[in-house]
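K.L.:
Sharing a structure below in structure tokens format, with a few things to ask.
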């Protein structure tokens, strides 16, 4: 396997979505309903869709994806408020910023910065 193929295998395409309401992220293999997204990538590019949106992470028990990078692709000043399964805010990601969270005993923010 060449280097490019190895890189693509390790880093699947980003999960890209425009949110219309508060959204719950589900563990891989789950079935999504209304305002739910199944995590099939470690990289999420989310557009809040006109208003600040809450994004609720799945519970950490059994999480296959222990690290998530979340990009706020808003075209205006709209925040993504990332919360754990108990609805506590973990990190707020502003327009054009990227946040990173890891799963341990709970979800923890590693940092937030401006996307380039």
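Laboratory data are not the source of any read-out in this text; all were calculated from the coordinates shown. In this text the structure is predicted, and so the values were computed from the model without any measurement. Methodologically, a virtual Cβ is constructed for each residue, glycine included, from the backbone with ideal geometry; neighbour enumeration extends over all protein chains shown.
K.L.:
Sequence gap at least 6, Cα distance under 8 Å: using those rules, report the relative contact order of segment 3-114 to the nearest whole percent.
P.N.:
That works out to 21 percent.
K.L.:
Using packing as a proxy for protection, rank 23-36, 77-90 so that the peptide with the highest average count of other Cβ atoms within 10 Å comes first.
P.N.:
The packing order, highest mean first, is 77-90, 23-36.
K.L.:
Order of 53, 67 from fewest to most other C-beta atoms within 10 Å?
P.N.:
67, 53
K.L.:
Stokes-Einstein D for segment 3-114 at 4 °C, 1.567 mPa s, Kirkwood Rh over Cα pairs, in µm²/s?
P.N.:
For these conditions, the coefficient is 92 µm²/s.
K.L.:
Sticking with this structure for a sec: With 10 angstrom as the radius, rank 16, 56 by how many other C-beta atoms surround their C-beta, starting from the fewest.
P.N.:
So the residues, fewest neighbours to most, are 16, 56.
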